[in-house]
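The following block contains the structure, expressed as structure tokens.
Since every read-out is calculated from the coordinates, none of them should be taken as a lab result. Because the structure is a prediction, the values reported are computed rather than measured. Counting neighbours? That spans all protein chains shown, and the Cβs are built from the backbone with ideal geometry, glycine included.
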Amino acid sequence: MLSLRKINKYYQVGAHALHVLRDVDFEVADGEFVAIMGASGSGKSTLLNVLGILDAYDSGEYVLDGTLIKNLSEKRAAYYRNRFIGFVFQSFNLLPFKTAVENVALPLYYQKVPRRKRNRIAMQYLERVGLADWAEHVPAEMSGGQKQRVAIARALIGKPRLILADEPTGALDTETSQQIMDLLTEINREGITILMVTHEHDVAARAQRTIRLRDGKVVGQEDEPHLKAVEAAGS
Amino acid sequence: MEPLLKLAMAIGGFAFIALLVILAVTTVLAILYGTIGSTSFDNWQEVMETLRRNKLRTTLTALSVAWGIFILVVLLGMGSGLNVGVRKKFQRDAVNSLWFRSGKSSVPYAGFQIGRKVQFVNADVDAIAKIPGIDHMDARFYVKGGFWGGPPMMVRRGIKANAFDIQPSLESGLFLDLLEMTEGRFLNARDLKEKRKSVVIGRPVQAYLFEPGEDPIGQWIEVGGVAFQVVGVFNRGGSQEEERAVYIPMSTAQVAFSGADHVNMLRFTVGDASVDEANRIKQDVIDELAQRHQFSPDDPQALHIQNNVENFAKFAQIFTAIAVFVWFVGAGTIIAGVVGVSNIMMIAVRERTKEIGVRKALGATPFSIVAMIVQEAIFLTASAGFFGLVGGVATLELLDKLQLTDFVKNPAINLSTGIAAGLVLVCAGALAGFFPARAAARVNPIHALRDQ
């Protein structure tokens with residue numbers, strides 16, 4: 001699905017160059033659910049930016065779905081973001097003045113899908129996350145868990161190959177977190193690759209694999225052995 | 001009906017221009033950002049939504065632009081009204097004319113004492129008429145009575161009598177006083193030569209002496225106790241005051257009212273002579289008269305001269321200055337409005353950093369971000385400017401109806417000025433939107449989204 005080869009990234013801070021990603025090197029297979037863990041300042045957000053084609057890197061190679069993502073024009077980057085990647089954020093980032101259905105439909109607006117058609121498709125995705133009844137509500141009228149469901153529906157509507165989740169449960173209570181993780185797991189089972197940044201161990205435990213970052217370096221990759229145990233216990 | 005038509009044309013023209021500019025701006029942006037973005041109905045819905053969401057901000061911005069245009073339109077309209085009004089006042093007399101009245105000598109000359117009265121005579125008229133550059137030669141003889149002393153000279157028909165102004169003139173009086181004949185003819189050379197008792201009357205005189213529907217031509221009326229036959233009726237720029245007059249041949253007046261061959265005023269037009277040419281002709285006339293009447297050509301008191309060519313040129317200068325001033329103030333007001341829009345859009349972009357970040361993460365191209373902001377700015381300035389324009393034109397129409405002073409006539413802006421203002425405004429709107437939009441397109445989605 002995607003591979004990173006010796007990715008380096010620097011931030012210019014005054015006269016100093018801050019080395020935030022150091023030879024980051026890993027692969028994610030199609031349909032995998034991978035968690036990225038690390039303390040704050042470990043470079044995990046920067047890594048997510050690079051993966052999400054929201055930020056450029058200085059050296060190395062990032063190949064997404066067979067396409068080398070390097071030195072893309074803004075327009076090209078926007079195109080790939082729109083077609084390949086769905087984003088889920090910690091703070092949901094729904095547009096406050098748009099209703100749930102309009103928020104979900106927004107990626108299709110940038111694919112030039114006519115309003116009526118995209119709203120119809122958005123309704124299907126809202127149904128899928130169980131929020132069809134909330135279609136005409138604005139985010140301020142919803143709970144955190146509902147907002148994150150809307151955000152997930154929005155991430156799915158562009159039929160992405162990859163979902164990038166940045167602390168998707170960071171703003172939610174334990175029970176809601178579990179529900180959101182269930183939803184992500186379900187989506188993953190349907191074949192969508194998920195990459196999730198988190199600092200919570202029990203959330204990371206829901207992934208099939210965890211990549212640990214420290215000081216911009218990959219310091220360990222491990223399968224989650226208890227995942228199968230959890231699943232076995234669940235079924 | 002006419003003002004409505006003007007308004008409709010202004011509205012139509014404005015809308016057309018706005019559309020053209022929007023198309024042009026979209027094309028330029030598309031070239032800049034390498035995308036052919038559709039300015040579809042969908043985009044407009046996004047724009048309207050944003051504007052509706054920030055009602056107060058939108059209203060205040062719109063108000064500043066509308067006010068700018070309103071002020072510009074009213075200023076321009078009043079400027080042009082003042083121009084027309086004063087020109088009209090001026091143009092009751094030919095602006096290309098010079099008037100000579102006689103005075104008393106104040107400089108000793110050729111052995112003569114000072115204080116000698118200069119008296120124009122008929123021979124002067126013929127001599128002056130020969131000076132090159134003069135196209136219409138006129139002269140006036142003042143009938144004594146009323147304004148010129150003594151009991152008023154009456155114009156009478158039957159039992160109706162009134163003290164109308166009596167103007168003994170030559171046949172060229174028509175051109176000097178810019179008369180338009182509504183009926184019959186003006187005095188002609190034969191009237192003058194044969195000292196005929198012909199009279200040309202103003203419309204108020206006709207209305208006073210004759211019944212409605214009665215044909216005045218060929219009728220006899222008394223002027224200063226002498227019977228004259230009406231040969232024509234004139235209109236003088238619609239001025240009631242100036243039309244309360246009758247014109248009779250100067251030669252007849254000199255005989256009938258004991259004027260010998262005396263002439264009180266010499267006046268003539270100089271075609272389309274420039275100020276310099278007019279001054280040269282003036283000097284020729286002074287020299288001629290000085291020689292004929294034995295006074296110094298440099299004597300400032302012997303002649304009283306009114307040079308309308310020069311006076312009018314000065315007036316024209318004042319109007320140019322006023323026009324420049326009006327444009328200066330108006331442009332300043334518009335610039336202030338546009339800077340306001342730009343500022344507001346800048347703040348809007350700041351406020352919407354997060355929204356723009358989300359949009360970019362979801363696949364918005366830089367073009368679509370720029371187009372969104374610019375479209376908003378254009379829409380805001382264009383529609384606000386439109387209301388300012390309509391309000392300004394309506395105010396001008398109202399002022400025209402009220403007729404507060406004679407000095408301001410038909411205050412209105414012409415269509416091309418209105419369209420030019422619209423064009424400038426929409427372009428300014430695009431410009432006002434562009435810089436904030438560019439800033440918006442550069443928003444880093446991650447920083448924006450992390451911004452809690």
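Compute the Kirkwood hydrodynamic radius of the protein assembly as shown, taking the inverse of the mean of 1/r over all pairs of distinct Cα atoms, and give it in Å to one decimal.
On the way: mean 1/r = 0.0303 Å⁻¹.
Kirkwood hydrodynamic radius for the protein assembly as shown: 33.0 Å.
Would you calculate the separation in nanometres between label points at B:THR182 and B:VAL324, each defined as 7 Å from the Cα along the Cα-to-beta-carbon direction?
Result for the modelled spin labels: 4.2 nm.
Quick one: Karplus J couplings for region B:412-429, per residue in order, coefficients 6.51, -1.76, 1.60, θ = phi - 60°, nearest Hz, x for Gly and Pro?
Calculated HN-Hα couplings, in order: 6, 9, 7, 4, 5, 5, x, 5, 4, 4, x, 4, 4, 5, 5, 4, 4, x Hz.
Report the residues of region A:65-85 in range of a label on A:ARG5: point 7 Å along Cα→C-beta, backbone N strictly under 15 Å from it.
A:65-71
For the pairs A:LYS117/A:LYS147; A:LYS70/B:LYS354; A:LYS159/B:LYS360; A:LYS6/B:LYS360; B:LYS144/B:LYS193; B:LYS117/B:LYS197, flag any whose C-alpha to C-alpha distance is greater than 20 Å. Display every interim value, and only then the final one.
On the way: A:LYS117/A:LYS147 23 Å; A:LYS70/B:LYS354 25 Å; A:LYS159/B:LYS360 17 Å; A:LYS6/B:LYS360 27 Å; B:LYS144/B:LYS193 22 Å; B:LYS117/B:LYS197 31 Å.
As for pairs spanning more than 20 Å Cα to Cα, those are A:LYS117/A:LYS147; A:LYS70/B:LYS354; A:LYS6/B:LYS360; B:LYS144/B:LYS193; B:LYS117/B:LYS197.
R0 = 60 Å: FRET efficiency of B:ALA207 with B:ALA336, Cβ-based, nearest 0.05?
Details: r = 53 Å, r/R0 = 0.88.
Taking R0 as 60 Å, the efficiency between B:ALA207 and B:ALA336 is 0.70.
Between A:ASP182 and B:ARG57, what's the calculated FRET efficiency when r is the beta-carbon distance and R0 is 41 Å? Round to 0.05. Walk me through the intermediate numbers first.
Values: r = 42 Å, r/R0 = 1.03.
The calculated FRET efficiency here is 0.45.
What ³J(HN,Hα) values, in whole Hz, does the Karplus curve 6.51 cos²θ - 1.76 cosθ + 1.60 give for region B:371-384 when θ = phi - 60°, with x put for Gly and Pro?
Ordered by residue, 3J(HN,Hα) equals 4, 4, 5, 5, 4, 4, 5, 5, 4, 5, 5, 5, 6, 5 Hz.
What are the residues whose amide H is under 5 Å from the amide H of B:SER102, where those residues sit 5 or more places off or on another chain and H is modelled from the backbone?
Correct list: B:HIS304.
Run the quick spin-label model on A:VAL13 and A:LYS70: label points 7 Å from Cα toward the beta carbon, then report their separation in nm to one decimal.
It works out to 2.8 nm between the two label points.
Here's another thing I want to ask about it. Using DSSP to define loop residues, name the trypsin sites (Lys or Arg not before Pro) in region A:110-178 whose beta-carbon has at most 13 other beta-carbon atoms within 10 Å. Let's see the in-between values first.
Numbers: sites: A:LYS112, A:ARG115, A:ARG116, A:LYS117, A:ARG118, A:ARG120, A:ARG128, A:LYS147, A:ARG149, A:ARG154, A:ARG161; in loops: A:LYS112, A:ARG161.
Here the sparse-neighbourhood loop sites are A:LYS112.
Could I ask something else about it? Applying a 10 Å radius around every beta-carbon, put A:196-206, B:217-227, A:12-22 in order of their mean neighbour count, most first. Could you put the intermediate results ahead of the total?
On the way: A:196-206: 19.3, B:217-227: 15.1, A:12-22: 13.0.
In decreasing order of mean packing, A:196-206, B:217-227, A:12-22 become A:196-206, B:217-227, A:12-22.
Among DSSP bridges having both ends in the protein assembly as shown, what percentage is antiparallel? Round to the nearest 5.
Close to 65 percent.
While we're looking at this one, here's another question. What are the ³J(HN,Hα) values, in whole Hz, obtained from phi via the Karplus relation 6.51 cos²θ - 1.76 cosθ + 1.60 with θ = phi - 60°, for each residue of region A:19-28 in sequence order, with x given for Gly and Pro?
Working through the residues one at a time gives 8, 8, 10, 10, 6, 5, 8, 7, 10, 10 Hz.
List every residue whose amide H lies under 5 Å from the amide H of A:LEU18, counting only residues 5 or more places away in sequence or on a different chain, with H placed 1.01 Å from N in the peptide plane.
Correct list: A:TYR11, A:GLN12, A:VAL13.
Report the gain in length on full extension from B:ARG350 to B:LEU415: 0.36 nm times residue separation, minus Cα-Cα distance, nm rounded to one decimal. Can you show the working numbers first?
Details: separation 65, 0.36 × 65 = 23.40 nm, distance 3.89 nm.
The span from B:ARG350 to B:LEU415 would gain 19.5 nm if fully extended.
While we're looking at this one, here's another question. For region B:78-129, what does the alpha-carbon gyration tensor say about shape, rounded, prolate or oblate, given a ≥ b ≥ c as the root eigenvalues, a/c under 1.5 as rounded, and a/b over b/c as prolate?
Values: a/c = 5.00, a/b = 2.42, b/c = 2.06.
Because a/c hits 1.5 or more and a/b exceeds b/c, region B:78-129 counts as prolate.
A further question on this structure: What does the extension gain come out to for B:LYS89 and B:LEU423, with contour length at 0.36 nm per residue minus their alpha carbon separation?
Numbers: separation 334, 0.36 × 334 = 120.24 nm, distance 3.43 nm.
My answer for the length gained is 116.8 nm.
From the C-alpha coordinates alone, can you work out the Kirkwood hydrodynamic radius of chain B, in Å?
Numbers: mean 1/r = 0.0366 Å⁻¹.
Radius from the Kirkwood sum: 27.3 Å.
Which percent, to the nearest 5, of DSSP beta bridges fully inside region B:97-308 are antiparallel?
Values: 35 of 45 bridges.
The antiparallel proportion sits near 80 percent.
Continuing with this model, one more query. Sort A:TYR11, A:TYR109, B:TYR247 by Cβ crowding within 10 Å, fewest neighbours at the top.
On the way: A:TYR11 13, A:TYR109 21, B:TYR247 28.
By the 10 Å Cβ count, ascending, the order reads A:TYR11, A:TYR109, B:TYR247.
Then there's this: Sort A:HIS137, B:HIS136 by Cβ crowding within 10 Å, fewest neighbours at the top. Spell out each step's value before the answer.
Details: A:HIS137 15, B:HIS136 20.
Placing the least packed residue first, the sequence is A:HIS137, B:HIS136.
Using Cα springs under 10 Å in a Gaussian network model of chain A, which residue among A:ASP23, A:ASP65, A:ASP133 shows the largest mean-square fluctuation?
Result for chain A, Cα springs under 10 Å: A:ASP133 fluctuates most.
Once the convex hull of the C-alpha atoms of region B:97-308 is built, how many Å³ does it hold per residue, rounded to a whole number? Can you show the working numbers first?
Working: hull volume 25.9 nm³, N = 212.
Normalising the Cα hull of region B:97-308 by residue number yields 122 Å³.
For chain B, what does -39500 (n - 2.57) per DSSP helix run (n ≥ 4), summed and divided by total residues, give at 222 nm, in deg cm²/dmol to the nearest 500? Provide the component values of the computation, followed by the final result.
On the way: 15 runs with 258 residues, N = 452.
Calculated from helices alone, the mean residue ellipticity at 222 nm is -19000 deg cm²/dmol.
Right, another one. Over chain A, how many percent of alpha carbon pairs lie in each 5 Å bin up to the one with the longest distance?
Taking every Cα pair in chain A, the percentages come to 1, 6, 14, 18, 19, 16, 12, 8, 4, 1, 0, 0.
Quick one: check the C-alpha center-to-center distance for region A:121-169 versus region A:1-70, whole angstrom.
That distance is 26 Å.
Going by Cα centres, region B:224-239 and region B:64-116 are how many Å apart?
Taking the Cα centre of each part, region B:224-239 and region B:64-116 sit 27 Å apart.
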